[in-house]
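The values are calculated or read from the model by the stated rules, or taken from the named source; none is laboratory data. For clarity, every value in this text was computed on a predicted model and none was experimentally measured. Here Cβ is always computed from backbone atoms with ideal geometry, including for glycine, and neighbour counts include all displayed protein chains.
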Amino acid sequence: MSWYGFACPMTHVLEAGFETIDRENPNGSPSIRGYNIIGGKLTQSSDGSTFESTNPAWLDDCLGEFPLSTEGDVHEALAAARAAFPSWSSTPAPTRGQVIGNMGRLLMEHKEDLVRLQAREIGKTLKECGGEIQEAIDTCLFFQSEGRRLYGQTVNSELPDKELFTYRRPLGVCGIINACNFPSAVPFWKMIPAIMCGNTCVWKSPQDSPLLSFALARIMHEAGLPDGVINLIHGKGSGAGQHLVDAVDLGMVNKISFTGSTGVGKMIGEVCGRNLVSASLELGGKNPLVIMPSADIENAVEGAYWAGFGTAGQRCTSLGNLIIHEEIYDEFVERLMTKVRSTSIGDSMRNEDVLYGSMLSERYAIDFLKGIEMCEASGATKIWGEGRITNGNKPENFHGDASEGVYMWPHVFTDVTEDMECFHEEIFGPVVTIVKARDFEHALHLANASPYGLSSAIYTNDRLEAYRYKTGIKAGMTGINNSTTGAEAHLPFGGVKGSGNGTRESGIWVIEAYSYWHAVNDELSGKLQLAQMDVDEIEMEEADADYAGLA
Ligand code: UN1
């Protein structure tokens, strides 16, 4: 069958196996022919173009080839989502919840394989990939039962024989765009509540994790998801992602949910704003972590080290500015540096117990190195880190052959001050910028001084300080005696200021982002009763007391 002039299999997602392509990988793993999934069918790009997915920890390992989707492909996916909407939105919410529960159970069944696939595709450690797939499972299990709630309200009318109700209604077709640093948890944060509310989706997979997206989308269909409810398209941000955003101007999209950079988020917000289309925007962060003298220093060092260098610093909740009270500054930096200097780095699939692996992809490595240059140009003092790890330039605890992947040194900059660019700009990767604070007020001021407001944290054993921090900080999330990362799947996730537009992911709060409130009044009296005008007035009693002269 020919489609947009290109021959493609049009095989249903449930009938096909994973096709391999002829390619020898050094680790013996297969390369997969990946497809878009549009209306339940596996499709290629209309012009036949493809791109590859590469293992960033072992660059000779190719995970597969995926369609470089065209504008026509994106429109086809949007049309499929539009066509599936009437039937899915009228499916009872508890039934939608059952499908979601099935997804959670299938993810549990395939957890080990998905963890390894994710680690292979983006270089995160197996332990962290395990945590992330678990976050996707938790999201499914939470929303399975939310399908049995999705409550509206009954509201008393001011008129007799009249009833008022509120209902949650779906928005329509949702465009889902996420980054590859959390390639399973974050799209599930978005699509699970979206479909639970009765919406349908077009999911633009991150260009650096297409095989994982393909596997996850297939699992979703295996769970009983009807065709067209979630449509997967592959491609690059400036291609398929941009076509999806452009389709908002064409009236084809009712919601965009995006996780990524603040710059792209602002562009998406503008397009959605001029079309009055709802946008959920989860953007960058320069997450501050304050250390006060009363803190348990050993615990605080652990928290700062993990927040800065876990996931190779590639979480939107990773530590940005480490703000240390001057009284404990020297001791804290020394203890932190002892850990930093001995950081264990390498491919987690081949080395146990590494703190972090490769960068997510070469693109992330290039951007990170620009960020390091920016820190240097800002005038900050580099006390550790030498850019990209090579076999001739590697930290003591690097494991393996550095030339095989894209690995970075951990970096630490001190003498950072508020007037420096590196104080304000997010740098996605293993780097911490350290700032000295004179006292609590100064620390709080510094914590609020960046343009972002995603995550934040403080280590203190002074309860009043903890209280003042949590009430004074402008951030969507705050950890007390904890690191900046590690949000749980049932608490609201999101930021303020440059970190987003105020929408939240996760828990019951995300439902606001994927539904609108529909107020219905049912007039049972059989006559026209006018609100505000035909309401019985209760006269006030005349009182005898004389209030004059009391003051
Ligand atoms: C992200 O980096 O986009 O709180 C999400 C955390 C994780 C999610 C991070 N649960 O760090």
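Report yes if Ala487 is closer than 16 Å to Val290 by Cα and of a type outside the set (Lys, Arg), otherwise no.
no
Output the qualifying pairs, or none if there are none: Cβ atoms under 8 angstrom, residues six or more apart or on different chains, first residue in the range 129-146 and in contact (Cβ under 8 Å) with a residue 60 or more places away in the chain and not assigned by TED's automatic domain parsing to the domain that holds Thr95, second residue away from the ligand (no atom under 11 Å from the Cβ) and of a type in the set (Gly, Ala, Ser).
Listed pairs, sorted by first residue: none to list.
Taking the range 126-160 only, how many residues are within 13 Å of the ligand (Cβ to nearest atom) and touching a Phe, Trp or Tyr at 6+ places or on another chain (Cβ under 8 Å)?
Residues meeting the conditions: 4.
Considering only residues that are touching a Lys or Arg at 6+ places or on another chain (Cβ under 8 Å), under 25 Å from Ser344 (Cβ atoms) and not in a strand (DSSP E or B), which ones fall in the range 401-425?
Ala402, Val406, Tyr407, Trp409
When only residues in the range 186-208 that are of a type in the set (Val, Ile, Thr) and either assigned to a helix (DSSP H, G or I) or surrounded by fewer than 24 Cβ atoms within 10 Å (Cβ to Cβ) (or both) count, which is nearest to the ligand (Cβ to nearest atom)?
Val186
Taking interchain pairs and intrachain pairs at least six residues apart, which have beta carbon atoms under 7 angstrom, with the first residue in the range 481-493 and of a type in the set (A, V, I, L, M) and the second within 11 Å of the ligand (Cβ to nearest atom)?
Ala487/Thr317; Ala487/Met477; Ala487/Phe493; Ala489/Glu135; Ala489/Asp138; Ala489/Thr139; Ala489/Ser506; Leu491/Ser506
Which number in (1) surrounded by fewer than 21 Cβ atoms within 10 Å (Cβ to Cβ); (2) modelled with pLDDT of 95 or more marks the one condition that Ala7 misses?
Among (1) surrounded by fewer than 21 Cβ atoms within 10 Å (Cβ to Cβ); (2) modelled with pLDDT of 95 or more, the lone unmet condition for Ala7 is (2).
Just to be sure before I move on: is Ala119 in contact with a helix residue (DSSP H, G or I) (Cβ under 9 Å, 6 or more places away or on another chain), under 30 Å from Gly239 (Cα atoms), within 16 Å of the ligand (Cβ to nearest atom) and in contact (Cβ under 8 Å) with a residue 24 or more places away in the chain in the structure I sent?
When the stated conditions are applied, Ala119 does not pass them.
Tell me, which strands (runs of 3 or more DSSP E) wholly within the range 99-185 include 2 or more residues that are at pLDDT 95 or above and more than 16 Å from the chain's Cα centre (by Cα)?
Because the criterion is at least 2 residues that are at pLDDT 95 or above and more than 16 Å from the chain's Cα centre (by Cα), the strands (runs of 3 or more DSSP E) in the range 99-185 that meet it are 153-156, 162-170.
So which of Ile233, Ile219 is under 30 Å from Pro56 (Cα atoms) and either among the aromatic types (Phe, Trp, Tyr) or buried (at least 23 other Cβ atoms within 10 Å of the Cβ) (or both)? Reasoning before the result, please.
On the way: Ile219 fails: either among the aromatic types (Phe, Trp, Tyr) or buried (at least 23 other Cβ atoms within 10 Å of the Cβ) (or both).
One residue alone meets the criteria, Ile233.
Taking the condition surrounded by fewer than 16 Cβ atoms within 10 Å (Cβ to Cβ), closer than 30 Å to Lys436 by Cα and away from the ligand (no atom under 16 Å from the Cβ), does Glu270 pass? Walk me through how you get there before you give the answer.
Details: surrounded by fewer than 16 Cβ atoms within 10 Å (Cβ to Cβ): yes; closer than 30 Å to Lys436 by Cα: no; away from the ligand (no atom under 16 Å from the Cβ): yes.
No, not satisfied.
Does the range 282-321 hold any residues that are of a type in the set (S, T, N, Q), within 13 Å of the ligand (Cβ to nearest atom) and assigned to a strand (DSSP E or B), and which are they?
The initial filter retains those residues of the range 282-321 that are of a type in the set (S, T, N, Q), namely 287, 294, 299, 311, 314, 317-318, 321.
Okay, now just the ones that are also within 13 Å of the ligand (Cβ to nearest atom), so 287, 311, 314, 317-318.
Matches in the range 282-321: Asn287 only.
Scan the range 322-355 for residues that are in a loop (DSSP other than H, G, I, E, B) and of a type outside the set (Val, Ile, Thr) and report the count.
The qualifying residues number 11.
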